[in-house]
Structures are given as structure tokens and as C-alpha cells.
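I have placed the structure first, in the form of C-alpha cells, so that the comments after it can refer back to it.
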Amino acid sequence: MLQELSRIVAQDKNFLNIINGRQGAALSQETITVLCPSDGMAFATIPAGNKDDVDRAVQAAREAFDHGPWSRMPAFERGRLLTRLGQLIGKHGEELAALESRDTGKPIRQGKADVAAAMRYYEFYGGAADKIHGDTIPFHDGYTALTLREPHGVVGGIIPWNYPMQIMARVVGAAIAMGNTLVIKPAEDASLSTIRIGELALEAGFPEGVLNVITGYGREAGAALSAHPGVDYVTFTGSPATGTAIQQAAATNNRGVTMELGGKSPQIVFADADIEKALPVLVNAIIQNGGQTCSAGSRILIERPIYNEVAAALGDRFSSLVAGPHDEDLDLGAMINPAQKHRVENYVSAAAEAGIDVIARGSIDINAPVSGYYVAPVLFGSVEASAAIAQEEVFGPVLSLFAFDDEEDAIRLANSTEYGLVAGIWTKDGARQHRVAKRVRAGQVFVNAYGAGGGIELPFGGFKKSGHGREKGFEALYDMSATKTIIFRHD
Ligand code: NAP
Ligand code: MG
């Protein structure tokens, strides 16, 4: 069934932008060819939107926010639109999973998991839309002071290619719940689900101009969106370098931003941990989505007395991992594009040449097309904290093991990178769980668990170079709105 669906998707299709409730090509008529990472073959096109298209989309979003019925729509009605969109995503779940997995190369079960998560975001924010309220504030006699949570206005959302459907959902869900209008710019390598969900939003009854989608190159469409004076707030998930460029562009208009910039997330395994419980979670945290996950658990810190045992058990599991085509549904799929494949391969060869111990390598399915962008998973042992693979976000199936001596050493190592997104702690000692969770610099800390990307309800975001602002949960609703204080004098 799903294979048939991917074939339907594989037929030539020209996807279109969505501006002001209507679909259309880029003004220039230019397109970008869409390739499937599993075999490198073209199967669709998207518009190559540029600053003129962005300008039209921002104007549409501006008009809808400033003059449309949108700003007078009750919060519960906005919530209903989100809920309806979630239901439509469920109705088209098989199609969307096949589309996402063909566009990004991720195994079909991950495509399905992304659909389920996207539905949950729209459900959650649909229900939350009318549950955010302001305060009344004790003030001088003869006054009443209160606060309202108001939308920023037009939000520009720049989405990466790793989990487009989920990341679109967390941006759109929170922004729409609070009454903003949006222009979304997905990544040129993975725009299809964003366009398709933009179409479904129209079917769900989103008023024209409220949700606009512009595809194109980051350096053109993305740059134009982040610098546009008609945009009131910018939200971005992606690399720190692009995040800096976007913040500089948004700063020309002094606009607020949310930045989710990835990580080098550690999992700390103490000698008293339940190793059997930890092992599958440790492996999945780096293999999910081929390691192309901002919250990937890419470093495992192991207490020295159990280091050899854990390294051997992980090695066994790594040697049996297989990468292959998305519709084969193996352990992992292809990397998103040739540049990402080479980037990961370069990290691996540089580390091996530097003498870092390769404990195990997985394999590439022998039937996988040679034109696909596959990388075999690699497990490195006894890595020094200063190594490139210990410090830099590889964004691939590359896991590094480190040995530590005591709790203090574990915390030092965990905090030894510029990033601070997620951390995992594995120990049965309750007091230690609390101590370490407080001292690790990360926006989310899991204890005896790890959920790469986990939890619609759980506030998520970075410390340090991992960014600022919070997404997911109710916190995202605060980031997607601003406080207005109103003071009445009535003496
Ligand atoms: P990227 O440059 O950060 O791309 C993310 C998004 O930003 C895409 O929509 C991209 O559009 C857009 N963009 C690119 N340049 C822009 C600019 N000057 N102004 C505005 N928007 C711009 O990421 P990448 O180059 O695709 O990947 C490189 C590395 O980034 C990866 O190896 C990984 O380490 C990291 N990364 C992290 C995450 C995460 O979730 N934290 C996600 C993706 C990548 P185009 O794709 O169309 O250029
Ligand atoms: Mg693609």
C-alpha cells in the first residue's frame, strides 16, 4: 500500500506556492527539481521563490493580520481551525507519510511517526488556543492594571529539512493559536509536506493570507523573509551559522526571534544504571532519522568501571544496523543530500585518520541504489573531549563514547561543548538524578529515558549555542505572543 503511494508521489508533480489562499508558481516561473535521497532521482518540482514572491506573501499575511476578519476571530475558533487541520492530516496520513519519507529519505515508519506527531501538535494547540490568559496586577489605589497576551503579527517561519512536518506543526500550531499570521519558508530539500499541509489548511477553512508558503533557496527566499520589514517575528530551526545570519537580518528591523540551533547532546551512564533498559534507547537516540536530529544523543559518557561492557554491547548493536531505501523501512535511511553525506563521511574519515578507535560500523543494504546518499553508522570509542566529533554537530549516524571517573567528571564532560539542547542521565540513585539534572546545561534533561524530539507538551529549546526561546508545550504560546499591560484609573 505504502509502496504504491510512493509511486503515485513519484510521478511528475509540480508543487506550488500558497499566497493569500491561492496556489501559484514563482513570479519568475523558475523551479527547483526535487530529488529522492534514496536513489537521487527527480520526482517533482517546487517553485524557486525569491524576494518578490516573499514580498507578496508577507503583504498577504500583513493584510490578513491588519485588516482581515482574523484579528477579531475568537480564540476558540482559531483552535477549531487547528483541530480541523490535525484531523485532515490524520485523514491523509498515509499519503503524507509516503510523501515525507520519499522527500527526505527517512524510513516510512518515521514518516508515519512524523504524521502522528504533527497531528498531536495541531490537537494540542487547537485545545490550548483559548486557555492562555493574562493577569490582573495589584497597583495603586484608584487603578486597575491587567495584561493581555497579544500576537506579534506576521511570523516568518524558516523550517529545516530534517523533520519538516513536525517543525512546521510546532511553529504553525503555536503561532495560529495566539492569533498571528504566517509566511513559512521550508528547506529547498524538503518542501513537499509543507506545501501539502498548506493546501489542507485551506481545506480546513484557514482564511486567506493567514498561512502562506513560499519555497525557494535559503539564501534568496529565506534571507528575504528574515530581513522583511513587514515581518514582526522570526522563528528558525537549523544550523548556528544560518541562525546568526537570520538574527542579523531580523536585527535590521529590531524584530524578535526564536532560534533552535541543534546540539551535541550527551547521555551519562553511571555504573548503577539499568544497562539493558538503556541500550536500545542509546542506539535509537543517534540512529533515528539517520542522526539528522537536533536533539540526537551523539555523545555517551560512561562511568569507567562499566565502560568496556557498555562499549562492547553498543558495538554489537551497531554492527547489525543497516541503512537503506525509505520504503524498505530499515534501521535508517539515506542522508538528505550529497553535501550532507560527504560532510558526515569527512567527519568519520578525519576521526579514523586521527587514530580514534572505531569500535563498530553498520552497513548499507546491498540492494540500495548506488545513486542514493547512504552512510553506514559508525561507533567511535575512547574519544577525547577536544576532538571534532566530540564538539561539532555531525548530523549523521556517528556516535562517540567517552569514559568518566566520577559525577564531577561526568558533569564537566557533559558541559564541555558549546551546545546545550538535551541531556540524558542513567542512574538508579535518586539524589544523583536531581543533582546532575540541575547541573547539566541543557534545555531538556531526561532521567532513565531519552526522547529525541520527544513530547509535544514539553517545553523545548537551547542553552548556549543551541539557541534561545522555547517551542512546544505552553511555553511556545508565550514566545508567539507579547504582553500588553493596560492601566485603568478610576478614582
Ligand atoms: P541551514 O542552512 O541552517 O538550513 C535551515 C533552513 O534555513 C532552510 O530552510 C534553509 O533553506 C534556510 N536558510 C539557509 N540560508 C539562509 C539564509 N541566509 N537566510 C535565511 N534562511 C536560510 O542548514 P543546512 O545548510 O541545510 O544544514 C547544515 C547543517 O545544519 C547540518 O549539517 C546540521 O548540522 C545543521 N542543521 C541543524 C538542524 C536542526 O534541527 N538543529 C536542521 C538542519 C540542519 P535552504 O535549505 O533552502 O537553503
Ligand atoms: Mg528531497
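The values are calculated or read from the model by the stated rules, or taken from the named source; none is laboratory data. Predicted model, so just to flag it, every value in this text is computed and none were measured. Methodologically, a virtual Cβ is constructed for each residue, glycine included, from the backbone with ideal geometry; neighbour enumeration extends over all protein chains shown. Accessible surface is based on the protein model in full, side chains and every heavy atom, while ligands, DNA and RNA are left aside. Shrake-Rupley method; radii C 1.70, N 1.55, O 1.52, S 1.80 Å.
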Worksheet, complete the sentence: The correct count of residues that are open to solvent by 10 Å² or more (accessible area, probe 1.4 Å), in a helix (DSSP H, G or I) and more than 15 Å from ligand 1 (Cβ to nearest atom) in the stretch 169-208 is 4
Discussion item. Given the criteria surrounded by 22 or more Cβ atoms within 10 Å (Cβ to Cβ) and part of a loop (DSSP other than H, G, I, E, B), does GLY462 qualify?
Written reply: yes
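Being surrounded by fewer than 17 Cβ atoms within 10 Å (Cβ to Cβ) and either in a loop (DSSP other than H, G, I, E, B) or among the charged types (D, E, K, R) (or both) is the requirement here; does GLY455 meet it?
On the way: surrounded by fewer than 17 Cβ atoms within 10 Å (Cβ to Cβ): yes; either in a loop (DSSP other than H, G, I, E, B) or among the charged types (D, E, K, R) (or both): yes.
Here the answer is yes, as GLY455 does meet what is asked.
Could you pull out the residue among ALA61, ALA116 that is away from ligand 2 (no atom under 16 Å from the Cβ), open to solvent by less than 10 Å² (accessible area, probe 1.4 Å) and under 25 Å from the mean Cα position of the chain (by Cα)? Before you say what the answer is, go through the steps one by one.
On the way: ALA116 fails: open to solvent by less than 10 Å² (accessible area, probe 1.4 Å).
Step by step, each of ALA61, ALA116 is checked, and only ALA61 is away from ligand 2 (no atom under 16 Å from the Cβ), open to solvent by less than 10 Å² (accessible area, probe 1.4 Å) and under 25 Å from the mean Cα position of the chain (by Cα).
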Practice prompt. Given the conditions (1) over 25 Å from the mean Cα position of the chain (by Cα); (2) in a strand (DSSP E or B), report the number of the one that ASP130 does not fulfil.
Written response: (2)
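Determine which member of the set ALA241, ALA312, ALA271 is assigned by TED's automatic domain parsing to the domain that holds LYS185 and without any contact (Cβ under 8 Å) to a residue 60 or more places away in the chain.
Working: ALA312 fails: assigned by TED's automatic domain parsing to the domain that holds LYS185; ALA271 fails: assigned by TED's automatic domain parsing to the domain that holds LYS185.
Within the list ALA241, ALA312, ALA271, the selection yields ALA241.
Would you call ASP103 within 16 Å of ligand 1 (Cβ to nearest atom), in contact (Cβ under 8 Å) with a residue 60 or more places away in the chain and not assigned by TED's automatic domain parsing to the domain that holds GLY291?
Details: within 16 Å of ligand 1 (Cβ to nearest atom): yes; in contact (Cβ under 8 Å) with a residue 60 or more places away in the chain: yes; not assigned by TED's automatic domain parsing to the domain that holds GLY291: yes.
When the stated conditions are applied, ASP103 passes them.
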Discussion item. As an exercise: evaluate VAL344 against (1) part of a helix (DSSP H, G or I); (2) touching a residue at least 60 places away in the same chain (Cβ under 8 Å); (3) open to solvent by less than 10 Å² (accessible area, probe 1.4 Å) and give the number of the one condition it does not meet.
Written reply: (2)
Fill in: Count - residues of the stretch 209-236 that are among the small types (Gly, Ala, Ser), crowded, with 24+ Cβ neighbours inside 10 Å and at negative phi
4
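On the basis of being within 16 Å of ligand 1 (Cβ to nearest atom) and more than 30 Å from ALA42 (Cα to Cα), does PRO229 make the cut?
Numbers: within 16 Å of ligand 1 (Cβ to nearest atom): yes; more than 30 Å from ALA42 (Cα to Cα): yes.
Here the answer is yes, as PRO229 does meet what is asked.
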Discussion item. Return the residues of the stretch 356-376 that are open to solvent by less than 20 Å² (accessible area, probe 1.4 Å), part of a loop (DSSP other than H, G, I, E, B) and under 24 Å from GLU309 (Cβ atoms); say none if nothing qualifies.
Written reply: GLY362
Item to complete: Considering only the stretch 327-348, state which residues are out of contact with any helix residue (DSSP H, G or I) (no Cβ under 6 Å at 6 or more places or on another chain), more than 15 Å from ligand 2 (Cβ to nearest atom) and among the aliphatic types (A, V, I, L, M).
Response: LEU330, VAL344, VAL348
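Just to check your reading of the model, which residue among GLU408, GLU475 is closer than 25 Å to VAL154 by Cβ and free of Cβ contacts under 8 Å to residues at least 60 places away in the same chain? Step through it out loud before you land on a result.
Values: GLU408 fails: closer than 25 Å to VAL154 by Cβ.
The unique qualifying residue is GLU475.
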Worksheet item: Going by the conditions given, is GLN288 closer than 22 Å to PRO107 by Cβ, within 16 Å of ligand 2 (Cβ to nearest atom) and of a type outside the set (Val, Ile, Thr)?
Response: no
Item to complete: Name every residue in the stretch 413-443 that is surrounded by 14 or more Cβ atoms within 10 Å (Cβ to Cβ) and assigned to a helix (DSSP H, G or I), in order of residue number.
Response: LEU413, ALA414, ARG432, GLN433, ARG435, VAL436, ALA437, ARG439
